[in-house]
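Heads up, the thing below is written out as structure tokens.
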Amino acid sequence: MTRRINKIVLIITSFTLFIIPLIFSYYDFVAVFEDPRLFTLHLSAILIIILSLWKLYYISLKDKTLFTRIKTWDLFTWGRKELHNWMIVIIVLYSIIYLFSAILSPITHVSIFGGDDARSGNNLYDYLSFLTILFTVIFYFNKFDKLLVLLYVLVTSAIIAATYGIAQYFGWDPIGKNTDQIRILASFGNTLNFSGYMVMAIPATIVLANMLFEKNKYLSILFIIGLGLEISGLWLSAGRGPWVGALFGMIIFFTVCSFTVSKKNILRYFIFMIIGILITVIISSIPTDRSDVSGRRILGITEQIQFPTGSQNSTDSTDIEGGISGRLSIWNSSIKIITQAKTPAQEPNYMSLLRVLFGVGPDMYVYSYPLTSSPSSKLSMVDHAHNYLLQTMVEVGLLGLLAILTLGLLIFITSIQLIAKIKNHFYNSRIAFISLGIISALGGKLVDIQAGVPRISDTTMMFALIGAIICINRLLVIKTNNETEIRDKIIPNKSESEYFSFGILLSSITITILLINLFFSWDIRRISASYYLASVVTDSSSTQLDKAVAWETAQEMAPERDSIIEPVFDAHVNVSLEQYSLGNIDIAINQMIYGRSLLLEYEKRDPYAIDIQIGLAKSATRLVEWGLTEYTDEMVYRYDKLARNFPGYPSLLGSAATALASVGLFEEAIIYADMAIETEKTTKPWSKAWYAKGASLASIGKINEGIEALNTATIKEPNDDGAILAHQTLSEIYAYLGEYDKSEKHAKLGDKSLFGGW
């Protein structure tokens, strides 16, 4: 039975690692792009845990000494035996810290299950699934042949993905419809995740091509061609971070080669690499619309390397852009999050220390970043630090960062020990080749994630490779240990053994039920809503009414999904505005209130999501404009909340100032207007803020200062809503002052429709 379970777990893990990089919403099978990946990852993790528990139960029935050995087990004695044991201890410790971080999170359920559908890999559920894969590789891939299977899974999935990416490059993508993307992303949804996967696959492909060369040259040639496709995919995806990761991966590769394999094999590796590069040159030289993208980006590296100096121009833009400059801005803001213990929640003072130690919580980065970010003229929502260590520090705290750094150090030392053992005992052997592929693949990826945004599409394999490093060390210890380990003779206690087996049985039944319930209540429910929505919306026979009903039904099935709730809300808003324009005031108000009620329900789960808060603020404003003055306090509260939670976005500050001025809160309006105006040095002009300031100053009797600010609004952005409102207000002020020529002039200039959307 245990052998059967081992085989099943091996198949499940291998299939999961193979399919996760490749699977997404093919032909709109489900409405959310990442759903198939998440479903597969969670399902496999749950199956592995359940099977492992039942395996333990069967072992406890056969091994009557198991309980006694567990009872007498000592952590320090066990850890002292081998360095890889301490790696396992650190991983477990980091997982405990991760759990505490999730519990202390401002929104615990979001930290546990995740927020935005496109933001996978950071929440506790995903992390524990990764952890399951890691430990599965350690304890189930317990032979070098099985680790070789892991390399084949990595390489074959990468070749398929690279082939798909190159097809996109040449304008062919009937599946994902991504031919309009400037940089190819294959099946990954993000160019950095695609190229990050190639970073792991390239050294592994070289190893496999060489291992096959003596046995099956035709198959070896196919892998060499596949290597060329992978390098092409890496080059054409134009990711600077992955390029650096791949470079370091190959440096690690040939460094390890020099100690573990013969010169003949090193030469062959080098030739394979040259052939792969030549294939890349041929592919990239074929003219397409994207032909110059990679070249421009590599030439632009020197422009990106601009470190802050004392003489830096203070008027440089602080808008988030791609490349090194953008990352430096993000990294600077990320450090402030943890040093200032920033979260949008109102927390007692003692939480500041806990935030430093345990972070703001898994998947909470996106809520804390706006509190410390530099001003941006766009609503650029940054959900990742673009650096794995900084992301860990922010979300899991200094304790989590310390654990990750310790694990990294142990991986480095363990790799050095592995190289020494291979050189002394397994030089130029099959073991040396497999170890070389795994060490260099993981090394390159660990460099790549210091500037990337890992998601489950590439993180799952990274965790598997970490498990593989530990597994290799365990296997080499067994092979190089000439002494037979003699266990202390343990006399089994039949009564204790029976109670222990019964306890495992009860635990297995309980955990199995809980995990199945979790999977059906979360994963099945969510993917069912996603599948139902896609099946109706993509059906050519569906009417607009059918599609509208499908959106509503999907939202009821999974009310926590932001990717569904926002389109449903927008649909109700559009109907509301249309009905109002037709004179159906009551219908318009009812539609707006109903749409708002959907957001209020979502807000109970996630009170800080920016799109939800903006929707609530705008809907309250519209209701006030339509005469429902009872929503005035709600409007003020919403804009005040937006201004407090997103001080780095002056467009929101300007809107808040305008809203507050419209209801007579002039002093508060001036404060927010000045905050927006202060950012103009590094963003852009904000006429709406100047309008709000001018109107407020005039309303509190400072007429001349108000006129000056309003005139500034008309100059800063002449065609903006703020300028139009400023002209209208100036017309009223000059009419009040008796200067009718100026009043008429501004009345004409302000006689325009506002363009700022609903």
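The values are calculated or read from the model by the stated rules, or taken from the named source; none is laboratory data. Computed from a predicted structure; not experimentally measured. Glycine gets a Cβ as well: all are built from the backbone with ideal geometry, and neighbour counts include every protein chain shown.
Summary table below
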{"item": "Test set (1) hydrophobic (A, V, I, L, M, F, W, C); (2) touching a helix residue (DSSP H, G or I) at 6+ places or on another chain (Cβ under 6 Å); (3) under 29 Å from LEU399 (Cα atoms) - LEU38 fails condition number", "result": "(2)"}
{"item": "Count - residues of the stretch 209-236 that are among the hydroxyl-bearing types (Ser, Thr, Tyr) and farther than 12 Å from VAL199 by Cα", "result": "2"}
{"item": "Leading residue by the ranking (surrounded by the most Cβ atoms within 10 Å (Cβ to Cβ)) among those in the stretch 542-575 that are assigned to a loop (DSSP other than H, G, I, E, B) and more than 23 Å from the chain's Cα centre (by Cα)", "result": "SER542"}
{"item": "Residue check for LEU47: touching a helix residue (DSSP H, G or I) at 6+ places or on another chain (Cβ under 7 Å), part of a helix (DSSP H, G or I) and surrounded by fewer than 21 Cβ atoms within 10 Å (Cβ to Cβ)", "result": "yes"}
{"item": "The stretch 242-297 - residue that is in a helix (DSSP H, G or I) and modelled with pLDDT under 90 and, of those, farthest from ILE182 (Cα to Cα)", "result": "SER285"}
{"item": "Qualifying residue in the stretch 479-486 (condition: at negative phi, modelled with pLDDT under 80, outside any helix (DSSP H, G or I) and among the hydroxyl-bearing types (Ser, Thr, Tyr))", "result": "yes"}
{"item": "Any hit, the stretch 145-161, residues being at positive phi, touching a residue at least 24 places away in the same chain (Cβ under 8 Å) and either among the small types (Gly, Ala, Ser) or touching a Pro at 6+ places or on another chain (Cβ under 6 Å) (or both)", "result": "no"}
{"item": "Residue within the stretch 85-107 that is over 30 Å from GLU603 (Cβ atoms), at pLDDT 95 or above, of a type in the set (A, V, I, L, M) and touching a Cys at 6+ places or on another chain (Cβ under 7 Å) present", "result": "no"}
{"item": "Enumeration of residues in the stretch 56-86 that are charged (D, E, K, R) and either touching a helix residue (DSSP H, G or I) at 6+ places or on another chain (Cβ under 8 Å) or assigned to a helix (DSSP H, G or I) (or both)", "result": "LYS62, LYS64, ARG69, LYS71, ARG80, LYS81, GLU82"}
{"item": "Lone unmet requirement of (1) within 18 Å of ILE225 (Cβ to Cβ); (2) at pLDDT below 95; (3) buried (at least 24 other Cβ atoms within 10 Å of the Cβ) for SER187", "result": "(1)"}
{"item": "Only listed residue being free of Cβ contacts under 8 Å to residues at least 60 places away in the same chain and over 30 Å from LEU600 (Cβ atoms), chosen from ILE671, ILE724", "result": "ILE724"}
{"item": "Those residues of the stretch 596-611 which are hydrophobic (A, V, I, L, M, F, W, C) and either outside any helix (DSSP H, G or I) or buried (at least 17 other Cβ atoms within 10 Å of the Cβ) (or both), in sequence order", "result": "LEU598, LEU599, ALA609, ILE610"}
{"item": "In the stretch 417-453, residue nearest to the chain's Cα centre (by Cα) [restricted to those that are hydroxyl-bearing (Ser, Thr, Tyr) and assigned to a helix (DSSP H, G or I)]", "result": "SER440"}
{"item": "Those residues of the stretch 621-650 which are within 24 Å of LYS681 (Cα to Cα), in contact with a Ser or Thr (Cβ under 9 Å, 6 or more places away or on another chain) and not in a loop (DSSP other than H, G, I, E, B), in sequence order", "result": "TYR639, LEU642, ALA643, PRO650"}
{"item": "Residue pairs meeting the criteria (Cβ under 6 Å; at least 6 apart or on separate chains; first under 20 Å from GLN417 (Cβ atoms), in the stretch 248-262; second surrounded by 22 or more Cβ atoms within 10 Å (Cβ to Cβ) and acidic (Asp, Glu))", "result": "none"}
{"item": "Residue match in the stretch 235-252 (condition: under 21 Å from the mean Cα position of the chain (by Cα) and surrounded by fewer than 19 Cβ atoms within 10 Å (Cβ to Cβ))", "result": "yes"}
{"item": "Matching entry among PHE141, PHE194, PHE170 (being under 27 Å from TRP243 (Cβ atoms), crowded, with 24+ Cβ neighbours inside 10 Å and among the aromatic types (Phe, Trp, Tyr))", "result": "PHE194"}
{"item": "Residue in the stretch 4-19 that is modelled with pLDDT under 90, in a helix (DSSP H, G or I) and either among the hydroxyl-bearing types (Ser, Thr, Tyr) or within 31 Å of the chain's Cα centre (by Cα) (or both) present", "result": "no"}
{"item": "Residue in the stretch 201-216 that is over 16 Å from LEU436 (Cβ atoms), basic (Lys, Arg) and either in contact with a helix residue (DSSP H, G or I) (Cβ under 6 Å, 6 or more places away or on another chain) or surrounded by 24 or more Cβ atoms within 10 Å (Cβ to Cβ) (or both) present", "result": "no"}
{"item": "Looking only at the stretch 20-41, and only at residues there that are of a type in the set (A, V, I, L, M) and in a loop (DSSP other than H, G, I, E, B), the one that is farthest from PHE520 (Cα to Cα)", "result": "LEU22"}
{"item": "When residues of the stretch 454-480 are limited to those that are of a type in the set (Val, Ile, Thr) and surrounded by fewer than 22 Cβ atoms within 10 Å (Cβ to Cβ), the one nearest to the chain's Cα centre (by Cα)", "result": "VAL477"}
{"item": "Close pairs from the stretch 598-612: first touching a residue at least 60 places away in the same chain (Cβ under 8 Å) and more than 13 Å from MET381 (Cα to Cα), partner of a type in the set (D, E, K, R) and not in a helix (DSSP H, G or I), Cβ under 6 Å, at least 6 apart", "result": "ARG605/GLU560"}
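Each row is one residue, and each column tells you yes or no for (1) crowded, with 20+ Cβ neighbours inside 10 Å; (2) assigned to a helix (DSSP H, G or I).
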residue	(1), (2)
PHE100	no, yes
SER111	yes, yes
ASN122	yes, no
TYR127	yes, yes
